[in-house]
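Novice: Below you'll find the structure I mean.
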Amino acid sequence: MRGGLDVGIAGCGVAGLALGTLLAKAGWRVTIYDRLEKPAPLGSGLIVQPVGMAVLAKLGLAGRARELGARIDRLFGRVLPTDRVVLDVRYRALDPLSHGIGVHRGALFEILFAAAVAAGVAFEPHRDVRAAKSGRFQFADGSESAHFHLLVDALGVRSPLSPKAGRPLAYGALWASLDWPDGGGFDAHALEQRYVAARRMVGVLPIGRLGEQAPQQAAFFWSLKGGDLGAWRNTSIDVWKDEVRSVWPQTEPFLAQVKTHNDLVFANYTHRTLATPLSRGIVHVGDSFRCTSPQLGQGANMALLDAFALSHALTSVRGLDEALEAYARMRLTHTQLYQLASWLFTPVYQSDSSMLPFLRDWIAGPLSRIPPVPQILAALVTGAIGSPLQAIGAEPMDARAATMLPSADVSS
């Protein structure tokens, strides 16, 4: 389909910005609406996996993400009180040079936002989208947008444009972006976690820096039930710190940076998948299409893949309806596989179950070190299961090249 059509995108997150940039570069007229007066990211940090880096390479942004981010080679976890290793996923099991990129959400946002502005995307801030009808967004103040040939819902898990589906998960997490300690004994290239059964989890993820002169940081997180959030807020922060120390004493350099409850942000998680990313008059991308817990670390990567798939379909398939159907087909298998995997893995690490952590520690853990299980786990973490890039039409080597090669950005 040729460019020159008008597209309205609700939501200025990873999916909305990536899609807007790709379509604007292809000649589409793109407007992004966001409820904030100044668009900004939500959350602490994440891992951009090789498949996500391949999309950033298509945008010409993989190099910048590598500069600001931190190379992640390994996902590693121990369980108390035995100190037994129950998680050890190494990227090199899949490819000797493969790795992820830990990145601050703020850094990723700035990279994508600058690219969208440079591509000519128009922005309408302070626009609280509540509904969509007849090619127009309807806002909370009763006004509506101009007419568009295509409306895109990139508003995320609580999108009012997305059909109601799924269920909230009992467990969420407290998050903070904290400065990386000198000599703290942490692996600067690994996501490290400690567990008490599946009821307690503390983790440290290197996420690079927000800018050239900014310090290196880590995403620090603590598993917590949503129903326990009020009690946590009403308890001294020092009591909570003592609990974290009892699980992982070496986190003291991070805990010293937390002064009040307000230094941490609580994230709720929801598991849902729409039967199709297509609704009447609108197409869904990112968390408005599917969302889950972050146990497999695929949220931003799914959003980037959605953006790439939709832009590819819109620019290569004749006819708008046909292009949208092609987008839905491109993302079907990969989405179903990872939603199933997340549904299976989440209670193993966040739940009140006693049996699941026992199976994890004494059966799944040892098996994970016997080939070909390490290779399968590495493929799962990198986002490669289901061959999402090939389904979209990307070259099979795009993900590997984008992660490893300085010249991988291919913005043309």
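Novice: Considering lysine pairs in the chain that are 8 or more places apart or on different chains, how many have Cα atoms under 23 Å apart?
Specialist: 6
Novice: Provide, in order from the shortest bin, the percent of all Cα-Cα pairs of the stretch 285-366 in each 10 Å bin, continuing until the bin that contains the maximum pair distance.
Specialist: Histogramming the stretch 285-366 at 10 Å steps yields 17, 37, 23, 14, 8, 1 percent.
Novice: Here is a follow-up. What are the trypsin sites (Lys or Arg not before Pro) within the stretch 230-289 that DSSP puts in a loop, where the Cβ has at most 14 other Cβ atoms within 10 Å?
Specialist: Those that pass, being in a loop and sparsely packed, are Lys259, Arg280.
Novice: Here's a follow-up. Calculate the spin-label point distance for Val373 paired with Asn234, positioning each point 7 Å from the Cα along the beta-carbon direction, and give it in nanometres.
Specialist: Here the answer is 4.4 nm between the modelled labels.
Novice: Using the Karplus curve 6.51 cos²θ - 1.76 cosθ + 1.60 with θ = phi - 60°, what ³J(HN,Hα) values do you get for each residue of the stretch 367-384, in whole Hz, with x for Gly and Pro?
Specialist: Per residue, the Karplus-derived 3J(HN,Hα) values read 5, 5, 9, 9, x, x, 4, x, 5, 5, 5, 5, 5, 5, 5, 6, x, 7 Hz.
Novice: Would you work out the charge dipole size for the stretch 51-204 about its Cα centre, treating the Cβ of every Lys and Arg as +1 and the Cβ of every Asp and Glu as -1, and quote it to the nearest 20 debye?
Specialist: In debye, rounded to 20, the stretch 51-204 gives about 580.
Novice: Between the alpha-carbon centers of the stretch 160-184 and the stretch 194-249, tell me the distance in whole angstrom.
Specialist: 11 Å
Novice: Count neighbours as other Cβ atoms within 10 Å of each site's Cβ, and list the GluC sites (Glu not before Pro) in the stretch 192-246 that are DSSP loop with at most 16 such neighbours.
Specialist: Those satisfying the criteria are Glu212.
Novice: Out of residues 5 or more away from Ala132 or on other chains, whose amide H comes under 5 Å of its own, with H placed 1.01 Å from N in the peptide plane?
Specialist: Under 5 Å from the amide H of Ala132 lie the amide H atoms of Gln138, each far enough along the sequence or on another chain.
Novice: For Asn262 and Asp179 in the same chain, what is the full-extension length gain: residue separation times 0.36 nm, less their Cα-Cα distance, in nm?
Specialist: Contour length minus the Cα-Cα distance gives 28.2 nm.
Novice: So for the pair Gln250, Ile363, with labels modelled 7 Å out along Cα→Cβ, what separation do we get in nm?
Specialist: 3.0 nm
Novice: May I ask you to list the GluC sites (Glu not before Pro) in the stretch 23-125 that are in a DSSP loop and have at most 16 other Cβ atoms within 10 Å of their Cβ?
Specialist: Glu37
Novice: If you find the alpha carbon centre of the stretch 7-38 and of the stretch 57-95, how far apart are they in angstrom?
Specialist: Answer, in whole Å: 29.
Novice: Here's another thing I want to ask about it. Taking only DSSP H segments of four or more residues, each worth -39500 (n - 2.57), what value at 222 nm results for the chain once the sum is divided by all its residues, to the nearest 500 deg cm²/dmol?
Specialist: That calculation yields -10000 deg cm²/dmol at 222 nm.
Novice: Taking square-rooted eigenvalues a ≥ b ≥ c of the alpha carbon gyration tensor, is the stretch 161-217 rounded, prolate or oblate, where a/c under 1.5 means rounded and, failing that, a/b exceeding b/c means prolate?
Specialist: Taking the square roots of the gyration eigenvalues as a ≥ b ≥ c, the stretch 161-217 is oblate.
Bear in mind that the values in this text are calculations on the coordinates, not laboratory data. Every value quoted in this text rests on a predicted model; they were computed, and no experiment measured them. Using ideal geometry, Cβ is built from the backbone for each residue, glycine included, and neighbour counts are taken over all protein chains shown.
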